[in-house]
Amino acid sequence: MDSKPQGLGAGVKGIGKLCGAPWARRLIWGCRKAFSSNRAEGATYRPENLRPDSVTTLLRLGDRGLYCEVGDFHIDPWQPVERAVITHAHGDHARWGSGTYLCSREGQGVLRTRLGTDASIQSVDWAEPVDINGVRVSLHPAGHILGSAQIRVEHRGEVWVASGDYKTDPDPTCTPFELVRCHTFITESTFGLPIYRWCPEWQVFDDIRAWWTANRHAGRASVLFGYALGKAQRLLAGLAGADIGPIYTHGAVERLNRDYRAAGVRLADTRYASDLPKGYDFSGSMIVAPPSAAGSTWLRRFGNVSTGFASGWMRIRGARRRRALDRGFVLSDHVDWPSLLAAVEGTGAQRVWVTHGTREPLVRWLTERGLEAMALRAQWKGEEDADPVEVAGEEIPA
Amino acid sequence: MKRFARLLTELDETMRTNEKVDAMAAYFSTADPADAAWAVYFLSGGRPKRLIPVRRLAAWAMEEAGIPEWLFEDCYEAIGDLAETMSLLLPDAESTSDLPLHWWIEERVLPLAKQSEGAQRAVIVESWRELAGAERFIWNKLITGGFRVGVSQQLVVRALAKASGIDEGAIAHRLSGHWEPRPEAFAALLAAETGDADVSKPYPFYLAYAIEDELDDLGDPAEWQAEWKWDGIRAQVIRRNGQTFVWSRGEELVTDRFPEIASAAAFLPDGTVLDGEIMPWKNGAPLPFAQLQRRIGRKVLGAKILNEVPVVLIVYDLLELDGRDARGEPLSWRRERLDEVIAGARSTVLVPSPLIALSAWSGARDAHARAREMSAEGLMLKRRDGVYGVGRRKGGWWKWKVQPYTVDAVMIYAQAGHGRRASLHTDYTFAVWDDGKLVPFAKAYSGLTDAEIRELDGWIRRNTVEKFGPVRHVKPEHVFELGFEGIQASPRHKSGVAVRFPRILRWRTDKRAEDADTIATLRALMSQPS
Ligand SMILES: [Zn+2]
């Protein structure tokens, strides 16, 4: 491996200048062809080597994560590695301790916040190819959170896409998902069952606003839980025009708001709740906090509250009741079942690896439709555990 | 239907008792009586009969959703509720109408019983296409017969009282027994004057709290009446218009189950209502409760079992005299009249509850110590000047059970056992009420017969709400009497108490989930003198 000529940094500079990346755009979006048209693009199929840990596939599942042998780099490794390509800054995808990190330009700010000032982070524009030891790597919007990327990996005409977490619904806080054609698509399946179907975002925000109005009339504060990175900002962007007065935030949320605002995302005006004096009357106000704050002493300052949680899990009645919440708002940063199937079909991939969430039903569904699908035991968790209360290695004060 | 769906959503979305009552009261005061009648019926635990086998319903839903059976089953596993699974899988509604609740029930649900399978399917599918979100979920609950909303009857009564300004006691009385969900019945429920025609109607039972204070804090013992707390079936015997009705505390009409009580009651004057305990009794002494259960289990009561397990009614109280509600009179007055009425009936089956002479509290302590010898569960202490209240009210009546401690708890989780019983659910978690919510406080494994375990196992499989790994969250429906050796405060437990050596004493099939004890009962046990 040490005979390979360049580190990641050199690769970025070298290739980035060479091509303004129009070639990459050829493949993405707008080419919703049937599966059968796929092989025309010159895929090298080696069905005998289909096992996910097989050395002969372009990407494989190693001990430390998804690994590209030829390019000697990992995608979203869960243990420290030499070179890590990062889909997005959620805790289960971006972990500390790796030598160098490559991420999207858009995601640089939040990744820096997560990894701290010491981490060696390089970023690239969307679709700008990077040569890593002869493997062509480019990042394409995943629409999950600010800067979230799908990693396109190309070698000798074979194209793989690792999508990380993604959604295809519009979200004002990040660049929309782009469909990337590929031979092998590595997909999440956090919500990989047909019971998960999302309503349009505006309906959810109407519900949130009605909930807040009712709470205000009852003299209660509304505490809205959403993951500190991504969901909280999506909520704040959605509430930006809602005219609901000052919104107070938890420290974990406020810290990431700065990154979003610095990236040019318009959020509702917020105030850091802990800046207010003891005994401050929060009745009638809206508070946005990470779900880890539920049941904590931090909540006490708000007095009489109604609690709500914005998450795809809230689609299921029992999931809300188990958390003893007053309200559940079905708002997810992951694909629902119909969008997941559409994305898989749209990529034209013949082989699909399913990495996290409810994997087996999706694998069976795709297999029954003639795809080579299999479940991968990746250590990513989807929405379940993506709650970076700790950012940059230090606990953020509430 | 939309309005009713909104009410259920509101009930579902708040944990606060007052908000639940307010939401129901608002509904009752504005809804069409024809709808409100059905709402009262469902909210107080009424459930439509299952009209279509669930397998058939599920098959239709799969076809409508374009989903194979294996995937439907995966979805069901993730949700644990058939009505919800179908609701979420079916395609979005094509059009929505806002026909009233009673129309959906009377025009769509009830006629299903007489329709062919083809016609049933057409009605179901059409309804799915017309209903969205919460309404579709409710519709599915209606047709699967699994309607449960998690409010107690007492809350419904409170809401009706709030909506009408009528006394809670009157509402509870009008609602007890058989209540038909008709608009006239709803109007009568909230009507100002009482022309209560239903001669069979029992009064709501007055229930005691476990004693919390030291006896000396109850004041002068002369102000209290002490009796044994018997361990039988609490019942009300009604004699009106020449007819007899025996109601159990579960509000079941059990007149036919206890012919000896029914015939003894025929000697009571018209317009008499007694509150008492049905006890298996032979040769002047009580038999174990298990004997009574043997008898309850029989479909047909032969001469043999009637001879082996005869019953008596230990009479505690007189609720109606000469057709007049006597509950507002002081206990001392009611007890005097009670003795007269029973003496007049000249029956060995009606036995006034023996009083324990109480000149000093030490006498009560002595009696309490002897309770087990008497085959009693403990003592009851009742304020002599107290009225007969409605439901569980603090202050007038206290129960003071003997050791071991016992409480009635609701089973909420079940888990498969080990070894020989690995295929059966034998490990149960039990909960008591805390402000309208069930809080788990004890796990128990032993105490049921193999037949009971098998029966319960089948029920658990059919009534799993949710699964977390091996643990099944089941519908809060079955009540068990748990015994334990000790109790102490424990901040580590959600309920705030920890109990020692809990075990199942018996399955209280005569009680409903809302009849189970509250966390206050458990807390009171901690301070109980022993
Ligand atoms: Zn994520």
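The values are calculated or read from the model by the stated rules, or taken from the named source; none is laboratory data. None of the values given here were measured: they were computed from a predicted structure. Virtual Cβ from ideal backbone geometry, glycine too; neighbours counted across all protein chains shown. Only protein heavy atoms, including side chains, enter the accessible area calculation; ligands, DNA and RNA are left aside. Shrake-Rupley method; radii C 1.70, N 1.55, O 1.52, S 1.80 Å.
Of all lysines in the structure, those lying under 27 Å Cα to Cα from residue B:229, and not within fewer than 8 positions of it along the same chain, are B:201, B:282, B:382, B:394, B:399, B:401, B:443, B:511. Roughly what % antiparallel, to the nearest 5, for the DSSP beta bridges in the protein assembly as shown? If we restrict to bridges inside the protein assembly as shown, about 65 percent are antiparallel. Among B:117, A:201, B:135, the sequence by solvent-accessible area, most first, with a 1.4 Å probe is B:117, A:201, B:135. Relative to the longest principal axis of the Cα atoms of chain B, helix B:450-462 runs at roughly 40 degrees.
Charges were assigned to the Cβ only: +1 to each Lys and Arg, -1 to each Asp and Glu. The resulting dipole of the protein assembly as shown about its Cα centre is roughly 1220 debye.
A Stokes-Einstein calculation at 4 °C with viscosity 1.567 mPa s, built on the Kirkwood radius of chain B over Cα pairs, returns a diffusion coefficient of 51 µm²/s. Annotation: segment B:405-526 has a Kirkwood hydrodynamic radius of 14.4 angstrom, from the mean reciprocal C-alpha pair distance. Counting protein heavy atoms only, the protein assembly as shown has 50 percent of its accessible area on carbon and sulfur, 1.4 angstrom probe. Approximating the spin labels as points 7 Å out from Cα along Cα→Cβ, the residue B:467-to-residue B:184 distance works out to 5.0 nm.
With both residues required to sit in chain B, DSSP beta bridges show an antiparallel share near 90%.
Can you give the angle from 0 to 90° between the axis of helix B:331-345 and the longest principal axis of chain B, with both taken from C-alpha atoms, to the nearest 10? So the inclination is approximately 80 degrees. Among the residues of A:314-323, the average count of other protein chain beta-carbon atoms within 10 Å of the residue beta-carbon is 5. Relative contact order, whole percent, for segment B:162-247 stands at 27, derived from Cα pairs under 8 Å and 6 or more residues apart. The distance separating the Cα centre of segment A:56-134 from that of segment B:423-480 comes to 48 Å. Rounded is the label for segment A:201-329, because a/c, from the alpha-carbon gyration tensor with a ≥ b ≥ c as root eigenvalues, stays below 1.5. Taking 32 Å as the limit for the C-alpha separation, the pairs B:162/B:299; A:231/B:494; B:162/B:467; B:114/B:162 exceed it in the case of B:162/B:299; B:162/B:467; B:114/B:162. The accessible area of residue A:368, taken with all protein chains in place and a 1.4 Å probe, comes to roughly 100 Å². Using the Cβ of residue B:95 as centre and a radius below 15 Å, the other residues enclosed give a net charge of -3, where K and R count +1 and D and E count -1. Were the residues from residue B:489 through residue B:437 laid out at 0.36 nm apart, the gain over their Cα-Cα distance would be 16.8 nm. Relative to the longest principal axis of the Cα atoms of chain B, helix B:54-65 runs at roughly 30 degrees.
Alpha carbon centre of segment B:336-402 versus segment B:230-271: separation in Å? Going from one Cα centre to the other spans 20 Å. Just to confirm my numbers, what's the Cα centroid distance between segment B:11-76 and segment A:259-304 in Å? Computed from Cα coordinates, the inter-centre distance equals 36 Å.
Between residue A:364 and residue B:18, what FRET efficiency follows from the Cβ-Cβ distance if R0 is 45 Å, with the result rounded to 0.05? Once the sixth-power term is evaluated, E becomes 0.40.
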